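Readers should treat all values here as calculations from the given coordinates under stated rules, not as data from a laboratory. Predicted model only: the values in this text are computed from it and were never measured. Glycine also receives a Cβ, built like all others from the backbone with ideal geometry; neighbour counts cover every protein chain displayed.
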Amino acid sequence: MADSTVRGTNGFRVIGTRPIRHDGIEKVTGRAKYGADYSFPGMLHGKVLRSPHAHARIKSINCEQALKLPGLFAVVTAADFPECKIETAAIAGEYTVNVRNISQNVIARDKVLYDGHALAAVAASSPHIAEEALRLIEVDYEVLPPVMTLDDAMKADAPVVFSGRSQDGSPNIADHLQIERGDIDAGFKAADYIVEREFRSSLVHQGYIEPHNALAIYNSDGHLTIYCSTQGQFIIRTLTAALLGMPEGKVRVIPAEIGGGFGGKTTVYLEPIAALLSKKTGRPVKMVMTRAEVLRASGPTSGTKIRARIGATRDGKISAAEIWMAYEAGAYPGAPCGGAAMTTLGPYDVANLKIDAYDVVLNKPKVGAYRAPGAPTSAFACESVIDELAGKCGIEPLAFRLLNAAHEGTPQPAGPPYKRIGFVETCEAIRNSEHYRSELIGPNRGRGVASGYWRNNGLQSSATVNIHTDGSVSVVTGSVDIGGSRAVMAMIVAEVLGLDVNEVRPLVGDTDSIGHTDVTGGSRVALATGLAVYRAAHDALRQLKERAAKLGEKKPEEVQFQAGTFSAPGVPTPMTLKQLAGRLARTGGPVTGRATLDATGTVGVTFATMCVDVEVDPDTGKVQILRCTIAQDAGRALHPSYVEGQLQGGVAQGIGWALNEEYFYDEKGLLRNSGLLDYRMPTCLDLPLIETIVVEVPNPDHPLGIRGVGEIAIVPPMAAVANAIYHAVGVRMTELPMSPPRVLKAMLTKSGAIDSQAAAAD
């Protein structure tokens, strides 16, 4: 790993350093408790019965034989859940979800809508008895034809997958978003070159290591406690309460350590079922998915069909762009087509633009978020066409991007003009890198570049900063720690209060111990929760100054604070924070700083540019990644090591998406690769050391300059690899993954060894 950081003005004492993470010892010694590690006396084990059909009507469910099994304590079906009286619920600021759809996704009612859809669950004294009970449940299905492709789903006479709102002539189009500006016809008329291509991609999974889990304890007083691995304990509380018809105040959610999420652990699957089983049995119930269940029945990200048409003048200026995109939502509406529409072509200044984005339901799992949801596949399409346009104009690809680069004042694809942004800086960082300036030698080798944009989120966060009598501090937030955010929160407090970072203990609170905090996702934690911590620390500092003023018989505004020490004119001896902390009881009692906020107005958008070298085996079509460098604008890197880790992780996942990963369904709609032997994610043998360049163009709306870094790194890799393949062997890849058979087929078609019409029809 290259530790290369392009820094702006820093001037901080703690921020920008690399302390060891506070939870590191528990993680490396195995003492950290993940969801499946919890257990309680008398605990039962829950299992879910899942549909073996992609689309079927449930005629009846017979549980009589299962209930006779010794060791079985309860069976639940949709009939045991209360009628969902809430249509929508707010889950993140102004963001809402359709609770009824989520309820039916958790457990099917009249129809099963995908292979693996839950329709019953049991609680037994052991997992083995629970599995045996599932085999004894008899279900009578009326099998219906599945709708498995976007082309089929969007036909006017397509079978109806979901009886919800439909439009645009198809029963399965749930939403249509259009963005338009300028004069698209005039823009294309002015173009000297126009490139139009169609791109496709399959469902892919986030690939987190830890399966979904939940442990529920329903008490006789009507209070429910849930332990689970989640990216947001408050969203679990909201949705579980809504699905069970309970007041939120009677539901407590305690977040366990989390073994990855990447957007896939932001909703409920097992939690309401475990809660209902616990209520029915009066005992704790624990449920853990198998890997096959995770792949079949949790939320992967959308498969897509995208048509990109972009024109440019001879001198390389983009004159018009028209993008048509359809995103698979799975069984219920909610595809990330909006995120795609709002971010595609975000790095560029395009005066004439038209984007149509469709949310399409079909018989696959309801999709979930996955790191910059919607943006990676739209960038795959648009950045591939951008690369081809650059070639037609005879302009080097990075120079073409810089010629059309968005800058301060450029309108976003959907929204207000950009404020200060760092896209140009990421391109220049790659252009000036040793990697890009190095010579690439050898046959069937190519170098590709691509860029990406992500808008990030702000949303709501809460934090408290507690001053202890020995001068140490604890900081409590509601943000689940996935990528080292506890250490970052400690660093912010240490920076404000002049402490060593090891004197600050960061904690993640449950839903009863901290104010509402939205999910760990949307690249929002360092930005939004970090801002809450920053304000809470300043609130604590304000109170400490008041106490110091009282001791020194001064006014609070006369007290100065620097490097952990309080001083005031006329007071001969400065007082350290530690000394003052020991006197709090005599000056008014404990000091706790607090902050709650909606950080929407402080969000800073972010950009990344990537360079990758590949070698293509001409006999097999296998693509080997030789070298990879990504430059990303972090705004300000609070902890550079964690920023670099986010960049490397996003690129690794993007390369897997580019070359290997896809869901494969048979003609009956059944998932055929429901294990990690067949659903192939990249390993260390597939990846080089991923080089990172951290660019710092501070966010002007945030006191620490933070932009958020967790998602943008996954946006450029697919297009960068596709462009590198073209420069290696001269074929434009338009379908993901770019697996050996697809690459070989494209090369053989180009050479004439395979008829192009037959290849297109295959």
Handout entry: Order by protection proxy (mean Cβ within 10 Å, highest first), peptides 155-161, 55-61, 384-390
Key = 384-390, 55-61, 155-161
Problem - Neighbour-count ranking [beta-carbon atoms within 10 angstrom, fewest first] of THR426, THR225, THR238, THR749 - result: THR749, THR225, THR238, THR426
Handout entry: 25 °C / 0.890 mPa s Stokes-Einstein diffusion coefficient of the range 668-762, Kirkwood radius on C-alpha pairs, µm²/s
Key = 141
Practice task
Enumerate the aspartates and glutamates that LYS668 could reach by cross-link, defined here as Cα to Cα under 13 Å, with residues fewer than 8 away along the same chain left out.
Solution key: ASP115
Problem - For semi-axes √(5λ) of the Cα gyration tensor in Å, calculated from these coordinates, the label among [x] 64, 28, 22; [y] 38, 28, 26; [z] 42, 38, 22 - result: [z]
Fill in the blank from the handout: Dividing the mean separation of Cα pairs under 8 Å (6+ apart) by the residue count of the range 307-384 yields a relative contact order in percent of 36
Handout entry: CYS63, CYS228 arranged by Cβ crowding within 10 Å, fewest neighbours leading
Key = CYS63, CYS228
Problem - Signed unit charges on C-beta, dipole axis of the chain, positive-most listed residue THR596, GLY311, GLN178 - result: THR596
Handout entry: Under Karplus coefficients 6.51, -1.76 and 1.60, residue-wise ³J(HN,Hα) of the range 351-361 in Hz, glycine/proline x
Key = 6, 10, 9, 9, 10, 10, 10, 10, 9, 10, 8
Completion exercise
Here the range 460-601 gives, from Cα atoms, an Rg and Dmax in Å of 15.5, 50
Practice task
Output the relative contact order of the chain, whole-number percent, from Cα pairs under 8 angstrom with separation of 6+ residues.
Solution key: 16
Practice task
Just the ratio, please: alpha-carbon radius of gyration of the range 552-654 over 2.2 N^0.38 Å, N its number of residues.
Solution key: 2.05
Handout entry: Neighbour cut-off at most 16 other Cβ (10 Å), DSSP loop, chymotrypsin sites (Phe, Trp or Tyr not before Pro), the range 606-699
Key = PHE664
Practice task
Please figure out what share of the DSSP beta bridges in the chain is antiparallel and state it in percent, rounded to the nearest 5.
Solution key: 75
Completion exercise
Amide H proximity to ALA256 below 5 Å, modelled H, separation 5+ or other chain, gives CYS228, SER229, THR230
Exercise for the section: Would you work out which of VAL147, CYS393, THR629 lies farthest towards the positive end of the dipole of the chain? Charges go on Cβ: Lys and Arg +1, Asp and Glu -1. Expected result: THR629
Practice task
Mind ranking 519-526, 530-537 by how tightly packed they are, going by the mean number of other C-beta atoms within 10 angstrom, highest first?
Solution key: 519-526, 530-537
Exercise for the section: Could you pull out every one of the lysines with an alpha carbon less than 27 Å from that of LYS250, ignoring same-chain neighbours closer than 8 positions? Expected result: LYS33, LYS47, LYS85, LYS265, LYS279, LYS280, LYS286
Practice task
May I ask you to list the lysines whose Cα is less than 20 Å away from that of LYS622, ignoring any residue fewer than eight positions away on the same chain?
Solution key: LYS745, LYS750
Exercise for the section: Provide MET681, MET325, MET342, MET154 in ascending order of the number of other Cβ atoms located within 10 Å of each residue's Cβ, fewest first. Expected result: MET681, MET154, MET342, MET325
Problem - Normalised contact order of the range 460-601, rounded percent, pairs of Cα under 8 Å and 6 or more residues apart - result: 35
Completion exercise
Packing-ranked peptide list from 47-54, 142-149, highest mean Cβ count within 10 angstrom first, is 47-54, 142-149
